[in-house]
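**Q** For reference, the structure I am asking about is given below.
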Amino acid sequence: QVQLVESGGGLVQPGGSLRLSCGVSGATSELYRVGWFRQTAGPEREFVAVINWSGSPIFYAESVKGRFTISRDKSKNTVSLQMNSLKPEDTANYYCAATDSGFSWYSRGADYQYWGQGMQVTVSS
């Protein structure tokens, strides 16, 4: 099994920054990709960013390119998402997610087997 625990969410003003962290434990040697999704009102979780557990490649949603940076520390089993220039549209419940499959669509939540509990990020003045 794999366990994912997020931390770092909260309230921030527009233009501000937050750093989210995901602690990964369990069968980490089986992982292929670890990333972040977010969910607002609808049932579908929106892709944000993902990094291969090996360190590359990295993919970002178009809406966050140039503002968000994903990174991983494999030795510490953590994946972080640095979020800069935050906008109200970034307000969502953020989830860390992982998949053990290389035959996966990186931006499709259904292809990820492991999920954290979710963490609220609110961008508001």
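**Q** List, please: which pairs have Cβ atoms under 7 Å, are six or more places apart or on different chains, and start with a residue in the stretch 112-125 that is at pLDDT 95 or above and end with one that is open to solvent by 70 Å² or more (accessible area, probe 1.4 Å) and of a type in the set (A, V, I, L, M, F, W, C)?
**A** Between residues of the stretch 112-125 that are at pLDDT 95 or above and residues that are open to solvent by 70 Å² or more (accessible area, probe 1.4 Å) and of a type in the set (A, V, I, L, M, F, W, C), the close pairs are Gly116/Val5; Thr122/Leu11; Ser124/Leu11.
**Q** Give the residues of the stretch 72-103 that are outside any loop (DSSP other than H, G, I, E, B) and either touching a residue at least 60 places away in the same chain (Cβ under 8 Å) or in contact with a His (Cβ under 8 Å, 6 or more places away or on another chain) (or both), sorted by residue number.
**A** Ser80, Leu81, Gln82, Met83, Pro88, Tyr94, Tyr95, Cys96, Ala97, Ala98, Thr99
**Q** Something else now. So Gly23 ticks every box in (1) closer than 16 Å to Thr122 by Cα; (2) out of contact with any Phe, Trp or Tyr (no Cβ under 9 Å at 6 or more places or on another chain) but one. Which box is left unticked?
**A** Gly23 satisfies every listed condition except (1).
**Q** Exactly one condition in (1) within 23 Å of Gln1 (Cβ to Cβ); (2) under 12 Å from the mean Cα position of the chain (by Cα); (3) open to solvent by 30 Å² or more (accessible area, probe 1.4 Å) is false for Gly109; which is it?
**A** Gly109 satisfies all of (1) within 23 Å of Gln1 (Cβ to Cβ); (2) under 12 Å from the mean Cα position of the chain (by Cα); (3) open to solvent by 30 Å² or more (accessible area, probe 1.4 Å) except (3).
**Q** Going through Gly55, Gly66 one at a time, which residue ends up being open to solvent by 70 Å² or more (accessible area, probe 1.4 Å), on the phi > 0 side of the Ramachandran plot, not in a strand (DSSP E or B) and not charged (D, E, K, R)?
**A** So the residue among Gly55, Gly66 that is open to solvent by 70 Å² or more (accessible area, probe 1.4 Å), on the phi > 0 side of the Ramachandran plot, not in a strand (DSSP E or B) and not charged (D, E, K, R) is Gly66.
**Q** If you scan the stretch 23-52, which residues turn out to be in a loop (DSSP other than H, G, I, E, B), among the hydroxyl-bearing types (Ser, Thr, Tyr) and surrounded by fewer than 15 Cβ atoms within 10 Å (Cβ to Cβ)?
**A** Scanning the stretch 23-52 gives a single hit, Thr40.
The values are calculated or read from the model by the stated rules, or taken from the named source; none is laboratory data. The shown structure was predicted, so the numbers you read here are calculated from the model rather than taken from an experiment. Reconstructed Cβ throughout: ideal geometry from the backbone, glycine too, with neighbour counts over all protein chains shown. In case anyone asks, the SASA skips ligands and DNA or RNA and just uses the protein heavy atoms, side chains included. Shrake-Rupley method; radii C 1.70, N 1.55, O 1.52, S 1.80 Å.
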